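Single-structure report; data block below.
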Amino acid sequence: MNTLYLVATPIGNLEDMSPRAVRILREARLVAAEDTRHSGRLLAHFGIQTPLTSYFEHSKLGKLDVILSALAEGDVALISDAGMPGINDPGYELVRAALAAGYTVSPVPGPSAPVAALAASGLPSDAFLYLGYLPRKPSERRGFLENVSGLPYTLLFLETPHRLLDALADMQTVLGERQIAIAREITKLHEEIWRGTVAAAREYFERNPPRGEFTLVVAGKSPSTEDSRWPEERLKETIAASRGGDESASALSRRLARESGWERRVIYEMVNGVRGKGK
């Protein structure tokens, strides 16, 4: 039975291309690539003349039959623009379709920006959660962060330069003051891995406008946070004392989440319970 190979390609430095990856790409009947122009230059650099077909986010479903037909005749390699295909790139549907058709799916490991950033972050790497790109809309982003705010695992995110400062502001509001490592241009000429607190990161990138693609590695919730959390009675008394004040339920919940150690979502429910829905 023929094989669909998932071939990792360099995220910057071409020296990270493995000999096995080069061999698989040369021997495959077809290479499915996220961007044929980008991948064409990569293949040309290594003297690989295997035919290319595009397989990107908006063509992936329409290309399944084409790639499965090629798999019936020989091995096919899937590559993304950089890193491991299928990790925050098109690939999931093709892998599922290939497996359903009875083909072998085999990874050819190599560079991965999230794993590289985690390894160099200085933060715990024994248990981590990779979450891809943060939502674009502020309300959705804050809700997303709230859902993972109580987890003890190191959190990994991807972010674009024009949204980095907004994302850091929401992290400081929702997650509180945590350690963070921010990696950009990994393996490239201007590689940078910044380490410090979320607040310090905001100050740094306000002075140094973000450029390039970013991987954020954020410390999980500290076990000591639970020990220092306000008693429930104190929290309820503070919420009750806020009745009649000018602070909205949302603003009060955010503030008390920072001060009390309780999750914002839980506080918000308490506030609405005391004040009445929507006040």
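The values are calculated or read from the model by the stated rules, or taken from the named source; none is laboratory data. The shown structure was predicted, so the numbers you read here are calculated from the model rather than taken from an experiment. Cβ placement follows ideal geometry from the backbone for every residue including glycine, while neighbour counts extend to all protein chains displayed.
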Quiz prompt | Residue list for the stretch 154-165, restricted to those being over 14 Å from the mean Cα position of the chain (by Cα) and surrounded by 15 or more Cβ atoms within 10 Å (Cβ to Cβ) | solution = L165
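Return the only residue of D81, D126, D89, D75 being over 18 Å from the mean Cα position of the chain (by Cα) and either outside the structural domain of E263 (by TED's automatic domain parsing) or within 21 Å of R29 (Cβ to Cβ) (or both).
Selected residue: D75, the only one of D81, D126, D89, D75 that is over 18 Å from the mean Cα position of the chain (by Cα) and either outside the structural domain of E263 (by TED's automatic domain parsing) or within 21 Å of R29 (Cβ to Cβ) (or both).
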Exercise. Specify which of the listed residues (E226, E269) is closer than 20 Å to L175 by Cβ, modelled with pLDDT under 85 and part of a helix (DSSP H, G or I).
Key: E226
Exercise. Could you tell me whether any residue of the stretch 198-208 is in contact with a strand residue (DSSP E or B) (Cβ under 6 Å, 6 or more places away or on another chain), at pLDDT below 95 and closer than 21 Å to G261 by Cα?
Key: yes
Practice problem: Could you check how many residues of the stretch 78-94 are crowded, with 20+ Cβ neighbours inside 10 Å and on the phi > 0 side of the Ramachandran plot? | Solution: 2
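Would you check if R211 is in a loop (DSSP other than H, G, I, E, B), within 27 Å of L134 (Cα to Cα) and in contact with a strand residue (DSSP E or B) (Cβ under 9 Å, 6 or more places away or on another chain)?
Yes; evaluated as a whole, the condition is true for this residue.
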Quiz item: If you take the residues of the stretch 95-147 that are of a type in the set (V, I, T) and in contact with a strand residue (DSSP E or B) (Cβ under 6 Å, 6 or more places away or on another chain), which of them is surrounded by the most Cβ atoms within 10 Å (Cβ to Cβ)?
Solution: V108
Quiz item: Failed condition for R275, given (1) under 25 Å from the mean Cα position of the chain (by Cα); (2) surrounded by 14 or more Cβ atoms within 10 Å (Cβ to Cβ); (3) not aliphatic (A, V, I, L, M), with all others met?
Solution: (1)
Practice problem: Give the number of residues within the stretch 1-34 that are out of contact with any Gly (no Cβ under 7 Å at 6 or more places or on another chain) and exposed (fewer than 15 other Cβ atoms within 10 Å of the Cβ). | Solution: 7
Quiz item: With (1) surrounded by fewer than 17 Cβ atoms within 10 Å (Cβ to Cβ); (2) touching a helix residue (DSSP H, G or I) at 6+ places or on another chain (Cβ under 8 Å); (3) more than 12 Å from V7 (Cα to Cα) as the list, and L64 as the residue in question, which single condition is left unmet?
Solution: (1)
Quiz item: Considering only strands (runs of 3 or more DSSP E) fully contained in the stretch 1-95, which possess at least 2 residues that are under 25 Å from P114 (Cα atoms)?
Solution: 3-7, 30-33, 76-79
Self-check item: So E237, is it under 26 Å from P152 (Cβ atoms), not assigned by TED's automatic domain parsing to the domain that holds V148 and not in a loop (DSSP other than H, G, I, E, B)
Solution: no
